[in-house]
Amino acid sequence: MKKNMYYIMPFVILPCLMLLLQLLNNMEMLKMSPYIMVGVLLFISAIVGFFSSTHMTFDYLMTAIMPLSFFCTMFIAGFLDKSDMETRFHIYKAVNASFQPICLLLYFLMALITFLASFKKIRNVKSK
């Protein structure tokens with residue numbers, strides 16, 4: 001059960017993190033920029049990879065789950081987007097939001113960082 005919760009966790013953490021950053025931006029406590037978003041997402045990917053619970057050399061499943069959870073977050077954010085003169089729930093907006101060039105780069109970088117951080121010799125540092 002603990003492993004299942006670990007693999008479901010990114011689907012909860014990333015949307016909550018994105019909402020928290022949006023809230024901080026709206027309260028003007030933290031001025032958002034793409035650099036901050038990229039840094040936070042890659043940092044979270046490194047943390048998730050470092051605390052992997054697998055006994056294999058690399059955690060291949062989490063390497064696929066992290067970009068997938070970010071893709072789902074961006075897809076849902078684009079799907080629920082509403083402007084002043086339009087209604088919600090447009091698939092083309094969801095596809096456009098999830099396939100932005102910066103997002104495509106982030107999918108790759110998140111997978112790479114998670115993969116490298118889940119290396120068994122790096123994970124063994126936390127047990128010493």
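The values are calculated or read from the model by the stated rules, or taken from the named source; none is laboratory data. Only a predicted model underlies this, so the values are computations on that prediction, with no experimental measurement involved. Cβ sites come from the backbone with ideal geometry, for glycine too, and all protein chains shown count toward neighbours. Please note that ligands, DNA and RNA were not included when accessible areas were found on the heavy atoms of the full protein model with its side chains. Shrake-Rupley method; radii C 1.70, N 1.55, O 1.52, S 1.80 Å.
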Mind telling me which of the residues F51, F70, F79, F115 ends up being among the aromatic types (F, W, Y) and out of contact with any helix residue (DSSP H, G or I) (no Cβ under 6 Å at 6 or more places or on another chain)?
F51
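For every residue, the table says whether it meets (1) among the charged types (D, E, K, R); (2) closer than 22 Å to M18 by Cβ; (3) within 11 Å of the chain's Cα centre (by Cα).
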residue	(1), (2), (3)
A46	no, yes, yes
T57	no, no, no
K82	yes, yes, no
Q100	no, yes, no
Quick check, is Y107 on the phi < 0 side of the Ramachandran plot and open to solvent by less than 50 Å² (accessible area, probe 1.4 Å)?
yes
Modelled with pLDDT under 90 and within 19 Å of A117 (Cβ to Cβ), is that true of K3?
yes
Name the residues in the stretch 49-69 that are open to solvent by less than 40 Å² (accessible area, probe 1.4 Å) and either modelled with pLDDT of 90 or more or in contact with a Gly (Cβ under 7 Å, 6 or more places away or on another chain) (or both), would you?
D59, M62, T63, I65, M66, P67, S69
